[in-house]
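Heads up, the thing below is written out as structure tokens.
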Amino acid sequence: MPVYVHWCMMAFLGFVLTGCSTLGTRTQGTSGPVRWQATQLDVSPPSAWDMRETYQFTLVLHEQQGTSLTLTRITARVHNAFGSELVPWEQLGTWALSPYGEVRIPLASTRYCPYTRCRKPSPLAPAWQIALSGVDAQGQPVQIAMEVQLPYTP
């Protein structure tokens, strides 16, 4: 019996630690040939008549392997706050990343609730699951994935 209880506690602890490892702030990382960082974080507070809040940031990409990349699509899934709906998002364009170069991509999410019950919403803390796609200098497809967890608003 004690061995079984010990095993269950270890399994539960492992589940909790693994499940909670994605909580908290994550504003930098590496994915494939790219080191990324979320910078210039800015939140526009809601006005008295409009409960719209916008959380803006700049995603800075640094190429690290000495190969040109041309990114043409950004797809993302965004949560604005704990318990909020998952919102799909996509942007097409051309972002050229030279060998060992840098590109800056401005991103933002907006939360809006016109109802009285929203006067005290949960803190704004967007979580972005981002996938960048394009090609490298040899025309080979490139996929870069990252998870950005922005800090809570005060």
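Below are the figures for this structure:
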{"read-out": "Proxy reagent accessibility, fewest Cβ within 10 Å first, across E85, E147", "value": "E85, E147"}
{"read-out": "Spin-label zone in the stretch 69-109 - amide nitrogen under 13 Å from a point set 7 Å from the Cα of Q143 along the C-beta vector", "value": "75"}
{"read-out": "Longest to shortest principal axis, alpha-carbon extents of the stretch 26-149, angstrom", "value": "55, 23, 21"}
{"read-out": "Taking V142, V78 and counting other C-beta atoms within 10 Å, the order from fewest to most", "value": "V142, V78"}
{"read-out": "For the stretch 84-101, Karplus couplings with θ = phi - 60° (6.51, -1.76, 1.60), whole Hz, Gly/Pro x", "value": "7, 5, 7, 10, x, 8, 8, 9, 9, x, 9, 10, 8, 10, 6, x, 6, x"}
{"read-out": "The stretch 26-149: relative contact order as a whole-number percent, Cα under 8 Å and 6+ apart", "value": "30 percent"}
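Bear in mind that the values in this text are calculations on the coordinates, not laboratory data. These numbers were taken from a predicted model, which means no experiment stands behind them. Every residue, glycine among them, receives a Cβ derived from its backbone with ideal geometry; neighbour counts consider all protein chains shown.
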